[in-house]
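Participant: A single structure is presented below for examination.
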Amino acid sequence: MKTNDVTAERGSGIRRLGRRGRSAGAVLGALALAGTLGACGGESLEESAGGTSGSGKGSLVVGAAGFTESKVLAELYAQVLADAGYGTTVRTVENRELYEPSLEKGEIDVVPEYAATLAEFLNAKVNGPKAPEEKPVASSDVTATVTALKKLAEPRGLKVLPAGEAVDQNAFAVTREFADKNKLKTLSDLGRSGLKVRIAAGDECTVRPFCAPGLKSVYGIDVAGIDPKGVGTPQSKQAVKDGTDQMMLTTTTDATLDAFGLVLLGDDKKLQNADNVLPVVNARDAGAAEIATALGKITKTLTTADLVELNRKVDAERAKPTDVAKGYLEEKGLIGK
């Protein structure tokens, strides 16, 4: 649901173009879907109790979108808040079009978010569906992006907490063999090589500025064509592994690249927007400094590599997000054992 990014469609760890709700249709859908949250019942909403109860500090509902990474992040948030003395429940709502209005209403208190994606989602919601393309507010500068996000979020009763190092944004992968043979570590290296590449991606890659047009204009990469096998799908990975395609569009936290012998090329000229992970809370119900302090422990500790490993444990090892989150927090000393 990004304007310049790929949209979350995970559970499988895979995303599609338009990720995390920035497209015009997604934003218009938000208005229609917001009123249906209560009626969706078990189809789009599931809850799991966690943390403590009866602590005297009250209870908090932590929202999660319907893909692995969001569920793990929500568990991290819930467990660190429980350790701080709050009763916590994790509520999984399939997409941002549904959970963002719930966050504004206070039906959800806290959600893990992505700076650039949420900024453009709110940009479209406030300024119209064409705003993210005609007047984008997100960029590769995380400070500027978070500042823009706050301006859009605060009037809606949302408090944006600081962003961390962990980032989940669009990325391009090639085989390790292809990278070694051609001495490629970055997208600039690929541009300088003069090699033609066919890209496995969503079909929107032909027109989206972060994809083929950006690779050509920013990096001088010779894009020979787009193979519409999807963003980060097993089919795309297999096509690159087999040599049918030379590169694929995925994300920086894709946990299955190693299994296909793939590596990411660095976005050294910062084509992609700053989708750093950060907590967003309902200012009225969860705006307390103590809550921000607890969540800040995760923000300051979590890295992109950590996210990859957490995703891998859930998607490849079939571990439960609750257990993966607990193990990480205990390992890092962020909660008591």
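The values are calculated or read from the model by the stated rules, or taken from the named source; none is laboratory data. Predicted model, so just to flag it, every value in this text is computed and none were measured. Quick reminder, even Gly has a Cβ in these numbers, built from the backbone with ideal geometry, and neighbours come from all protein chains shown. Calculation scope for accessible area: heavy atoms of the full protein, side chains included, ligands and nucleic acids excluded. Shrake-Rupley method; radii C 1.70, N 1.55, O 1.52, S 1.80 Å.
Participant: Within region 87-118, find all residues whose amide N lies under 20 Å from a label point positioned 7 Å from the Cα of Asp323 along Cα-to-beta-carbon.
Facilitator: 90
Participant: So, one more: Report Rg (one decimal) and Dmax (nearest whole number) for region 169-259, counting Cα atoms only, units Å.
Facilitator: Every Cα atom of region 169-259 included, Rg and Dmax give 11.7, 31 Å.
Participant: Then there's this: Whose amide H sits under 5 Å from the amide H of Thr186, counting only residues 5 or more places off or on another chain, with H placed in the peptide plane?
Facilitator: Gly266
Participant: Taking only protein heavy atoms into account and a 1.4 Å probe, give the accessible area per residue of region 224-311 in Å². If you can, show how the numbers build up before the last one.
Facilitator: Numbers: 3290 Å² over 88 residues.
Here the per-residue accessible area is 37 Å².
Participant: Another question, if that's okay. Mind scanning Lys300/Lys320; Lys130/Lys159; Lys71/Lys241; Lys57/Lys105; Lys71/Lys196 and naming the pairs with a C-alpha gap bigger than 31 Å? Don't skip to the answer; put the middle values down first.
Facilitator: Details: Lys300/Lys320 24 Å; Lys130/Lys159 25 Å; Lys71/Lys241 29 Å; Lys57/Lys105 20 Å; Lys71/Lys196 38 Å.
Violating the 31 Å limit, Cα to Cα: Lys71/Lys196.
Participant: How many nm separate the modelled label positions at Thr293 and Asp258, each set 7 Å beyond the Cα in the direction of the Cβ?
Facilitator: 3.7 nm
Participant: Extending each Cα 7 Å along its Cβ direction at Asp180 and Ala224, get the distance between those two points in nm, one decimal.
Facilitator: Computed distance between label sites Asp180 and Ala224 equals 2.2 nm.
Participant: Which residues' amide hydrogens lie under 5 Å from the amide hydrogen of Asp227, considering only partners 5 or more residues apart or on another chain, with H built in the peptide plane?
Facilitator: Ile199, Ala200, Ala201
Participant: OK, next. Cα to Cα, under 13 Å, and not fewer than 8 places away if on the same chain: which aspartates and glutamates meet these conditions relative to Lys135?
Facilitator: Within the straight-line cut-off, Lys135 pairs with Glu120.
Participant: So what's region 255-337 giving for Rg/Rh, alpha carbon basis, Kirkwood Rh from the mean inverse pair distance? Don't skip to the end; give the middle numbers.
Facilitator: Details: Rg = 15.9 Å, Rh = 15.3 Å.
Rounded to two decimals, Rg/Rh equals 1.04.
Participant: Could you give the distance between the Cα centres of region 140-207 and region 213-292, to the whole Å?
Facilitator: Taking the Cα centre of region 213-292 as reference, the centre of region 140-207 is 6 Å away.
Participant: Short version: what are the Cα gyration tensor semi-axes of region 107-225, square root of 5 times each eigenvalue, largest first, in whole Å? Don't skip to the end; give the middle numbers.
Facilitator: Numbers: eigenvalues 226, 55, 28 Å².
Ellipsoid half-lengths, sorted descending, are 34, 17, 12 Å.
Participant: Let me ask another. Tell me, what % of the accessible area of region 144-226 is carbon and sulfur with a 1.4 angstrom probe? Don't jump to the answer; show the numbers that get you there.
Facilitator: Numbers: 1930 of 3820 Å².
Here it works out to 51 percent.
Participant: A follow-up question, please. Once the principal axes of the Cα atoms of region 151-194 are found, what is the range along each, listed largest first in whole angstroms?
Facilitator: Principal extents (Cα only, largest first): 52, 18, 13 Å.
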